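No lab work stands behind these numbers, since they all come straight from the coordinates. Bear in mind the structure is a predicted one, so any value in this text is a computation, not a measurement. Every residue, glycine among them, receives a Cβ derived from its backbone with ideal geometry; neighbour counts consider all protein chains shown.
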Amino acid sequence: MDADFRTEFVREPAALKQHPALVLNADYRPLSYYPLSLWPWQDAIKAAFLDRVDIVAEYDEFVRSPSTEIRIPSVVVLKDYVRPQKRVAFTRFNLFLRDEFSCQYCGSKGDLTFDHVVPRARGGRTSWENVVAACSRCNLRKGSRSLRRSGLSLRKPPRAPGAEELRNLGRRFPPNYLHDSWLDFLYWDVELED
């Protein structure tokens, strides 16, 4: 998979680039895998100070004020359980995640857009069951024609994913950066490179 393509969809604040904290729910599972539930170190310290999280692991780095020295948290767990949403929001990112960042006509990765299987010009709706990820080439080839008239076929029928299913799909796409202290709390469906 083209890592540069995926990063276009997950904008990371500059604070996440240095010492991000992995955020776990009260059951010690990440809030999300893709994008991985991370907080900037400043938010993790603030939440710990306000007694909203417990610090499970720390970096070897410190932040200092005139009167205090605090180790930067690398893993925090929420004190109150956050119930995951059951309904998945229909967003461009979630659609691409459902379709595993590949064209549903030819299987290519990269340069993705989305396509209405039954074209909007022919009454097709914008819904999980009618929209798929498509590369620009296939999308242009199909145009506002039906699948049969365009000569294209779907690799799998589109459907609405469940929230747990989408969370599990995120396990197939480990981020480029993983801190060693996070590995005890994460499970990936692919081998991680050293």
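How about segment 151-175: which of its residues are over 17 Å from the mean Cα position of the chain (by Cα), farther than 19 Å from residue 125 by Cα and surrounded by 12 or more Cβ atoms within 10 Å (Cβ to Cβ)? Result: 152, 155.
Inspect segment 36-59 for any residue being closer than 30 Å to residue 155 by Cα and either among the basic types (Lys, Arg) or surrounded by 13 or more Cβ atoms within 10 Å (Cβ to Cβ) (or both) and give the result as yes or no. Yes; the residues of segment 36-59 include at least one that is closer than 30 Å to residue 155 by Cα and either among the basic types (Lys, Arg) or surrounded by 13 or more Cβ atoms within 10 Å (Cβ to Cβ) (or both). Among the conditions (1) surrounded by 13 or more Cβ atoms within 10 Å (Cβ to Cβ); (2) farther than 12 Å from residue 154 by Cα, residue 125 misses just one, which is (1). Residues of segment 96-149 that are among the hydroxyl-bearing types (Ser, Thr, Tyr) and touching a Pro at 6+ places or on another chain (Cβ under 6 Å): 144 alone. Considering only residues that are closer than 30 Å to residue 126 by Cβ, among the aliphatic types (A, V, I, L, M) and either touching a residue at least 12 places away in the same chain (Cβ under 8 Å) or surrounded by 11 or more Cβ atoms within 10 Å (Cβ to Cβ) (or both), which ones fall in segment 60-93? 82, 88 - these are the residues of segment 60-93 that are closer than 30 Å to residue 126 by Cβ, among the aliphatic types (A, V, I, L, M) and either touching a residue at least 12 places away in the same chain (Cβ under 8 Å) or surrounded by 11 or more Cβ atoms within 10 Å (Cβ to Cβ) (or both).
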